[in-house]
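Okay, structure first, notes after.
Since every read-out is calculated from the coordinates, none of them should be taken as a lab result. Just so we're clear, the structure is a prediction, and the values are computed from it rather than from any experiment.
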Ligand SMILES: [Zn+2]
């Protein structure tokens with residue numbers, strides 16, 4: 001079971017810090033989050049193959065807004081205009097640990 005986030009903090013426009021209920025902290029950059037976007041425009045729903053090229057993410061990408069989706073995910077508005085991704089907490093936990 002993945003832990004639940006206790007706090008989600010935009011430490012600056014390009015970083016989000018997660019504090020988890022197991023006491024660990026992880027940090028993900030806007031670029032990492034944009035590169036792992038799981039929405040249907042970025043990942044083929046049937047094959048799971050990534051259609052979005054992470055190399056196309058601008059190096060100065062920031063997030064403009066972060067919102068909770070129910071109690072299981074967050075959604076992000078990026079400065080490249082993309083905002084359709086829903087990031088479930090377990091995915092954020094796994095990526096944060098690998099980062
Ligand atoms: Zn996407």
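Quick check on the chain: helices-only [θ] at 222 nm, where DSSP H runs of length 4 and up contribute -39,500 (n - 2.57) each and the sum goes over total residues. Nearest 500, please.
Using -39500 (n - 2.57) per qualifying helix, the result is -4500 deg cm²/dmol.
Rounded to whole Å, give me the distance from the Cα center of the range 23-47 to that of the range 59-91.
8 Å
When N is the residue count of the chain, what does its C-alpha Rg come to as a fraction of 2.2 N^0.38 Å?
Rounded to two decimals, the normalised Rg is 1.02.
Nearest 10 degrees is fine. How inclined is helix 89-98 to the longest principal axis of the chain, computing both from alpha carbons?
In the chain, helix 89-98 runs at an angle near 90 degrees to the longest axis.
By how many nm would the segment from residue 60 to residue 97 lengthen if fully extended, with 0.36 nm per residue of separation less the alpha-carbon distance?
Additional length available on full extension: 11.0 nm.
Highest GNM mean-square fluctuation, the chain, Cα pairs closer than 10 Å: which of 59, 88, 38?
In the Gaussian network model the winner is 59.
Cut-off 10 angstrom, C-alpha nodes, Gaussian network model of the chain. Which of 35, 56, 14 fluctuates the most?
So, out of 35, 56, 14, the one fluctuating most is 56.
In percent, what relative contact order does the range 5-98 have, based on Cα pairs under 8 Å that are 6 or more apart in sequence?
Relative CO of the range 5-98 lands at 22 percent.
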